[in-house]
Amino acid sequence: MVGRPAVPEVIWARPERAGRGPRPAYRRADIAAAAVRIADAEGLDAVSMRKVAAELGCGTMSLYNYVPRKEDLHELMLDAVSAGYDYPEPSGDWRADILALARQAREMMHRHTWVPRLMSPVYGFSPNVLRYLEYALSCLDGIDARFGEKMELIAMVNGVVTTYTANEIATAERSRSLPWTEEQEQAARTGYLISQISTGKYPRMAAGFAEDPGPIDLDGVFERALARVLDSFGRG
């Protein structure tokens, strides 16, 4: 396959276009933007070299001169959307700053619902992701902790955000695929749950729902989950 390396290679270490010839007709940013548009409209599985080439108006094989592998394309996409973070001056309150960054991540994943599928340490060192990490570390400058511990905290927060948001996205996508409304399904499931709890077989569940019948505050759950992670770090 044209341009495909025979040994491990980092896309960011490659020139914009491999091989000889005239000045490249496309930039990585153009390729990434085209792939992101397709993923946003049709989902990650719809992204292919052929579709990206068609979006750009070039031949599929010529695209391999810029992006040797589909995995490289995914890395370009993740880096492209990571450019959307806002990085205000750290406030000095590390918890507030990390929470604000986590909220931005959740919002970004809801804008680009395919992102949770690509969250991997393999893609953790692209230019915009490195910028994200450097900013997150700057928010932790006042903390008496080793570099590795700070990176662990950032990874834990990102893990909570990714898992939580992926579940939100999956729930929303499932609801859209059903022939009834989300409210109708919730009513049916609630009715079934009440009927089971009413049997007396689940006294702890019964007591719990009597204490807090809902509905669940999803934003509140998100904030509390992150707060617990930050609390554990604060205790060292």
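Laid out as a table, the results:
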| quantity | calculated |
| --- | --- |
| Residue count, the stretch 137-159 (criterion: touching a Leu at 6+ places or on another chain (Cβ under 6 Å) and either on the phi > 0 side of the Ramachandran plot or of a type outside the set (D, E, K, R) (or both)) | 0 |
| Whichever residue in the stretch 52-68 is surrounded by fewer than 17 Cβ atoms within 10 Å (Cβ to Cβ) and among the polar types (S, T, N, Q) and, among such residues, is farthest from W12 (Cα to Cα) | T60 |
| The listed residue being within 24 Å of P116 (Cα to Cα), at pLDDT below 80, open to solvent by 70 Å² or more (accessible area, probe 1.4 Å) and not β-branched (V, I, T), out of E9, E42 | E9 |
| Test result for T163, out of contact with any helix residue (DSSP H, G or I) (no Cβ under 7 Å at 6 or more places or on another chain) and assigned to a helix (DSSP H, G or I) | yes |
| Residue check, I143 open to solvent by less than 30 Å² (accessible area, probe 1.4 Å), farther than 27 Å from R37 by Cα and of a type in the set (V, I, T) | no |
| Leading residue by the ranking (farthest from L44 (Cα to Cα)) among those in the stretch 146-175 that are of a type outside the set (K, R) and open to solvent by less than 30 Å² (accessible area, probe 1.4 Å) | L153 |
| Entirely in the stretch 181-236, the helices (runs of 4 or more DSSP H) that have 2 or more residues that are at pLDDT 85 or above, exposed (fewer than 12 other Cβ atoms within 10 Å of the Cβ) and in contact with a Cys (Cβ under 6 Å, 6 or more places away or on another chain) | none |
| Number of positions in the stretch 70-105 that are open to solvent by 50 Å² or more (accessible area, probe 1.4 Å), of a type in the set (D, E, K, R) and under 21 Å from the mean Cα position of the chain (by Cα) | 5 |
| All positions within the stretch 26-39 that are surrounded by fewer than 14 Cβ atoms within 10 Å (Cβ to Cβ) and either in contact (Cβ under 8 Å) with a residue 24 or more places away in the chain or on the phi > 0 side of the Ramachandran plot (or both) | A29 |
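The values are calculated or read from the model by the stated rules, or taken from the named source; none is laboratory data. Small disclaimer: the values here were computed from a predicted structure and weren't measured. Neighbour counts run over all protein chains shown; Cβ positions are idealised from the backbone, glycine included. Please note that ligands, DNA and RNA were not included when accessible areas were found on the heavy atoms of the full protein model with its side chains. Shrake-Rupley method; radii C 1.70, N 1.55, O 1.52, S 1.80 Å.
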